[in-house]
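Reading through the structure tokens given below for one structure.
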Amino acid sequence: MFSIAFLNPCEVPPPEAEFAYGRIVANGLSERFLSALNYWGREAYLTQWAEAVSAVISGSSREVLITSICPPNDPDCGFCWALYREGDIVYLQNNLLFPEQLASIKRVRVPAQRIVIRLIFIAIVI
């Protein structure tokens, strides 16, 4: 099971608010996030999420779900969840987006190859 959405209206700030709460759910993961609304509105996030998920379902090996983005000249960081597909398995990884990475995001369709690189950690037990 997978879902990403803004929380229902009684749990989120009013439409004119600068932030909105959302939740991403995948198997045992359930994480709340805060989305900045001063650059992208709710509809832009929803559109980007739908496009990214559709791309992964269609076979794309790497996409991102932007959960918070600020204007390009803003010194704040953004956040995303990277989706990495390997066969029938899709891995999720939470990522911080630095201002120089945010500058390349000018439209809703995001070039995932420019934003995140999957990190794989292998633990060796001796």
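The values are calculated or read from the model by the stated rules, or taken from the named source; none is laboratory data. A quick note: this is a predicted structure, and the numbers were derived from the prediction, not measured. Neighbour counts run over all protein chains shown; Cβ positions are idealised from the backbone, glycine included.
Quick look at the values:
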| quantity | calculated |
| --- | --- |
| Near pairs, Cβ below 9 angstrom, 6+ apart or cross-chain, from segment 65-81 (in contact (Cβ under 8 Å) with a residue 12 or more places away in the chain) to any residue that is outside any strand (DSSP E or B) and of a type in the set (Lys, Arg) | 72/106 |
| Residues of segment 17-38 satisfying the condition of being assigned to a loop (DSSP other than H, G, I, E, B) and touching a strand residue (DSSP E or B) at 6+ places or on another chain (Cβ under 9 Å) | 18, 27, 37, 38 |
| Segment 37-50: number of residues that are modelled with pLDDT of 90 or more, surrounded by 15 or more Cβ atoms within 10 Å (Cβ to Cβ) and of a type outside the set (Gly, Ala, Ser) | 4 |
| Of all residues making up segment 48-82, the number that are over 25 Å from residue 38 (Cα atoms), not β-branched (Val, Ile, Thr) and not in a loop (DSSP other than H, G, I, E, B) | 3 |
